[in-house]
Amino acid sequence: MHLEWAWPGVLRATAHAFEFAALVAAARYVAEFAPPDIPEESLEQLKHVLSDYDTQARRLHGTPAPDGP
C-alpha cells in the first residue's frame with residue numbers, strides 16, 4: 001500500500017484489491033456491530049464513506065483492470 005498527499009486534507013491511496021477489501025470489510029463490521037460507546041456521528045460518517053465506496057465499486061464493475069504499472 002502506498003499513501004501520498006494529493007493536496008491538503010486529501011490522500012491518494014494505491015493498494016492491491018485484497019488490501020482495500022480488508023479495510024472495507026473491517027469498516028462494514030464496525031458499521032454493523034459497533035459497540036455502544038462509538039459516537040453516532042462517527043458511525044454515520046463511516047456509513048457515508050461505505051455508501052460512496054459502493055457507488056464507485058458499482059461504477060467499476062465490468063470495467064477491465066488496466067495492465068500493470
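Go through region 12-59 residue by residue and tally those that are within 12 Å of the chain's Cα centre (by Cα), exposed (fewer than 10 other Cβ atoms within 10 Å of the Cβ) and outside any helix (DSSP H, G or I).
0
How many residues does region 1-45 contain that are touching a strand residue (DSSP E or B) at 6+ places or on another chain (Cβ under 6 Å) and among the aliphatic types (A, V, I, L, M)?
Qualifying residue count for the region: 4.
Please work out which one of (1) surrounded by fewer than 10 Cβ atoms within 10 Å (Cβ to Cβ); (2) small (Gly, Ala, Ser); (3) at pLDDT below 95 is the condition residue 9 fails and give its number.
Here residue 9 meets the rest and fails (3).
The values are calculated or read from the model by the stated rules, or taken from the named source; none is laboratory data. A quick note: this is a predicted structure, and the numbers were derived from the prediction, not measured. Cβ sites come from the backbone with ideal geometry, for glycine too, and all protein chains shown count toward neighbours.
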